[in-house]
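Student: Can you read through this structure? Questions will come right after.
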Amino acid sequence: MTAASPPSVREAVRLRPGMYIGDTTDGSGQHHMLWEVIANVIDDHLRSGATRATVTLEGPACTVEDDGRGIPVDPDPEAPGRSLLERVMTEHHTTGTAFGDSPHVHVAPGLFGVGLCVVAALSSTCEVEVARGGRRWHVAYRRGEALGPLRDLGPTTATGTRLRFEPDAEIFAPRLPWDVAAIAARLTELAALNPGMIFELVADGARRTMCSPRGLLDLVLADAAGAEIAGEPVQLRGSLDDVDVEVVLAWTDGPARLRGFVSQFAATQGTHVAGLMRGLADAVQQVAPGDVSATRLAGADALPRGLVAAVHVALYHPRWGEPTKDRLDSPEAGQAVAAVVGAGLAERLRADPALREIVLAASRA
């Protein structure tokens with residue numbers, strides 16, 4: 001008896017799409033495909049490539065166009081006669097991104113990091129146009145199968161990638177419309193997490209631009225809108241044991257609020273948040289030893305009164321306390337946040353007596 005051949009990537013993905021992009025009935029799966037495309041743009045940006053990405057929604061189709069390096073079109077050393085672009089679009093590959101960088105920066109929770117080949121396999125049509133090395137190239141797919149070879153469209157002075165896909169109605173049933181508000185909100189977050197990037201969203205006859213040159217500070221100021229901020233917000237950056245940390249703290253006369261992010265996606269529970277609380281307590285203990293606020297903060301699990309904050313930790317291979325990835329369980333993330341906040345905030349409080357009194361008063365409440 002001859003053993004059956006293993007299914008191709010295309011066949012495997014289309015047979016069990018939920019294993020790769022999640023739910024195919026509630027709209028989250030098709031949006032996950034968009035975030036997979038955006039993930040490669042962000043990876044390119046983080047390596048001094050893309051500075052702009054435009055997302056265009058036209059009916060069921062979605063187009064993402066960037067000004068980055070362009071997905072490589074060089075010959076694939078593993079398959080003579082095939083380009084690296086075609087490999088990216090049809091196979092899982094060992095490199096972390098479509099640009100050959102590793103590891104991949106994840107931008108969505110759940111079953112992330114599945115690659116552009118899954119986007120092609122689950123789309124009724126998927127077209128890729130690449131500008132790279134002075135030439136423009138094009139290849140198209142239908143449900144993961146190439147409609148022809150990679151074509152040279154001629155010379156160009158531009159660089160970047162344009163990928164247009166339409167989620168397959170055979171997979172996504174019912175076929176739900178794009179959630180424009182949710183996409184706009186997510187691009188706003190990504191702009192704050194990547195201060196050098198400009199995102200544009202073209203949908204419903206309107207063009208919106210998301211750009212946050214001040215990083216998470218812009219998100220915190222938006223969250224604090226309508227409230228009076230006491231003094232200047234505190235913006236802290238640092239790293240420890242390969243964990244990069246950014247924290248913004250603003251004390252207001254409004255309700256407390258926290259945004260948490262792990263490697264580009266939202267996660268408001270876990271060790272990074274616990275580290276923030278430890279860092280707050282440590283800073284207060286340093287500038288006001290024996291103060292009751294330091295004792296209260298040390299065991300607190302809620303933000304001090306009026307504190308509007310955001311914390312982002314970037315680390316590879318995060319560990320999670322729950323399958324849904326709602327709670328980060330990496331101890332090194334908590335240690336890094338506590339160290340950055342404890343040292344940085346204490347320095348700021350020593351230099352600003354007015355802010356110190358505000359922080360102490362909020363901590364006592």
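What follows draws every value from the coordinates through simple rules; no lab data is involved. Because the structure is a prediction, the values reported are computed rather than measured. Note that each Cβ is placed from the backbone with ideal geometry, even for glycine, and that neighbours are counted across all protein chains shown.
Student: Got a sec to turn the phi values of region 254-268 into Karplus ³J(HN,Hα) couplings, 6.51 cos²θ - 1.76 cosθ + 1.60 with θ = phi - 60°, whole Hz, x for Gly and Pro?
Tutor: Values per residue, Gly and Pro as x: x, x, 6, 7, 10, 10, x, 9, 10, 6, 5, 10, 6, 7, 9 Hz.
Student: Suppose R0 equals 35 Å; then what is the FRET efficiency for residue 302 and residue 228 from their Cβ-Cβ distance, rounded to the nearest 0.05?
Tutor: Here the calculated transfer efficiency is 0.95.
Student: Between 0 and 90 degrees, rounded to the nearest ten: what's the tilt of helix 28-46 against the longest Cα principal axis of the chain?
Tutor: 80
Student: Where does each of 245-251, 52-58, 235-241 land if you order them by average Cβ count within 10 Å, highest first?
Tutor: The densest-packed peptide leads the list: 245-251, 52-58, 235-241.
Student: Working from Cα positions, state the angle (0 to 90°, nearest 10) between the long axis of helix 331-351 and the longest principal axis of the chain.
Tutor: 50
Student: Normalising by the residue count of the chain, find the relative contact order in percent from Cα pairs under 8 Å and 6+ residues apart.
Tutor: Reported relative contact order: 14 percent.
Student: Give, as a single signed number, the net charge of other residues whose beta carbon lies under 13 Å from the beta carbon of residue 132, with Lys and Arg counted +1 and Asp and Glu -1.
Tutor: Residues near residue 132 contribute -2 overall.
Student: Further question: If amide H atoms are built 1.01 Å from N in the plane of the peptide, which residues on other chains or at least 5 residues away come under 5 Å of the amide H of residue 306?
Tutor: 256
Student: Among 200, 145, 65, whose mean-square fluctuation peaks in a Gaussian network model of the chain (Cα, cutoff 10 Å)?
Tutor: Fluctuation is largest for 145.
Student: Efficiency by 1/(1 + (r/R0)^6): what FRET value for residue 343 and residue 11, r their Cβ-Cβ distance, R0 = 56 Å, to the nearest 0.05?
Tutor: Efficiency computed from Cβ-Cβ geometry: 0.55.
Student: May I ask for the angle, rounded to the nearest 10°, between helix 353-364 and the longest principal axis of the chain, with both axes built from Cα atoms and the value confined to 0 to 90°?
Tutor: It works out to around 90 degrees.
Student: In nm, to one decimal, how far is the residue 361 label point from the residue 237 one, both placed 7 Å along Cα→Cβ?
Tutor: 3.2
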